[in-house]
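Novice: The structure is given below, and queries will be raised subsequently.
The values are calculated or read from the model by the stated rules, or taken from the named source; none is laboratory data. Source: prediction; values computed, not measured. Ideal geometry is used to build each Cβ from the backbone, glycine not excepted, and the neighbour counts take in all protein chains shown. For accessibility, only protein heavy atoms count, side chains too; no ligands or nucleic acids. Shrake-Rupley method; radii C 1.70, N 1.55, O 1.52, S 1.80 Å.
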Amino acid sequence: MRYAVITTDGTLAHRTRGGDAVDTVWTEVGPEGPDRVRLDEDYGIAGWVNDVGLTRPETYPRNVVASCVLAALGAAAQPYAGPVVVTGWDPNGMPTEICSLPEPDLVTRLHGRVHAALRGDPDASDTEWGHALRTYADWVRETSTD
């Protein structure tokens, strides 16, 4: 299975692993287990975070870059914590809906645009999208989840 991981420092890695897809996601997000982040279904992908990530900030710090990437892919606007995994998602798949990431370049391009906007690159940050993204990133850093 091909998938992407965005670590808490904002680094993106593409990985391929054989075996059970659920076990792969579980291994990446942490031992407490994964929680699916619903994304725009037109992409055929899903995000995955640790089920208790926001309640354990010492173990799973907020992932600002991944929160921005997920929001841009249609996720609910909220902070996401810990490593974030992006996989393919087939709602009709058997025995599980998790599958290989269909377009890894989509995540790579979006991750690059998010980084550029957050660091203030003129081409990415001097746009309405760039301003909105930086405002969202500030909110992710500062909002309380209590």
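Novice: Less than 13 Å Cβ to Cβ from A76, Lys/Arg counted +1 and Asp/Glu -1: what total charge do the surrounding residues give?
Specialist: Result for the neighbourhood of A76: 0.
Novice: Another question, if that's okay. Would you work out what percent of the accessible area of segment 2-143, with all protein chains in place, is carbon or sulfur (probe 1.4 Å)?
Specialist: Carbon and sulfur atoms account for 49 percent of the accessible area of segment 2-143.
Novice: D123 to E32: FRET efficiency via 1/(1 + (r/R0)^6), r the Cβ-Cβ distance, R0 35 Å, to the nearest 0.05?
Specialist: It comes out at approximately 0.35.
Novice: Could you tell me the relative contact order of the chain? Use alpha-carbon pairs under 8 Å, at least six residues apart, and round to a whole percent.
Specialist: 26
Novice: Can you compute the FRET efficiency between R109 and R56 using 1/(1 + (r/R0)^6), with r the Cβ-Cβ distance and R0 = 25 Å? Round to the nearest 0.05.
Specialist: Taking R0 as 25 Å, the efficiency between R109 and R56 is 0.20.
Novice: So if R0 is 25 Å, what FRET efficiency would D90 and A132 give, r being the distance between their Cβ atoms, rounded to the nearest 0.05?
Specialist: The calculated FRET efficiency here is 0.20.
Novice: Here's a follow-up. Around D126, with a cut-off of 14 angstrom between Cβ atoms, what is the net charge of the other residues, counting Lys and Arg +1 and Asp and Glu -1?
Specialist: Taking every Cβ under 14 Å from that of D126, the sum is 0.
Novice: Might you work out the accessible area of D42 for me, using a 1.4 Å probe with all protein chains in place, and round it to the nearest 10 Å²?
Specialist: 140
Novice: Right, here's the next one. Where only protein heavy atoms count, and the probe is 1.4 Å, what is the accessible area per residue for the chain in Å²?
Specialist: In whole numbers, the chain has 52 Å² accessible per residue.
Novice: To continue, here is another question. Provide the gained length on full extension for the span R15 to E97, in nm with one decimal, where the gain is 0.36 nm per separating residue minus the Cα-Cα distance.
Specialist: 27.7 nm
Novice: Using a 1.4 Å probe and counting only protein heavy atoms, arrange R134, R113 so the residue with the most accessible area comes first.
Specialist: From most accessible down to least: R113, R134.
Novice: Now a separate question. Let's test this: bin the Cα-Cα distances of the chain at 5 Å from zero up to the farthest pair and state each bin's percent.
Specialist: Pair shares across the bins are 2, 10, 20, 23, 20, 13, 7, 3, 1, 0.
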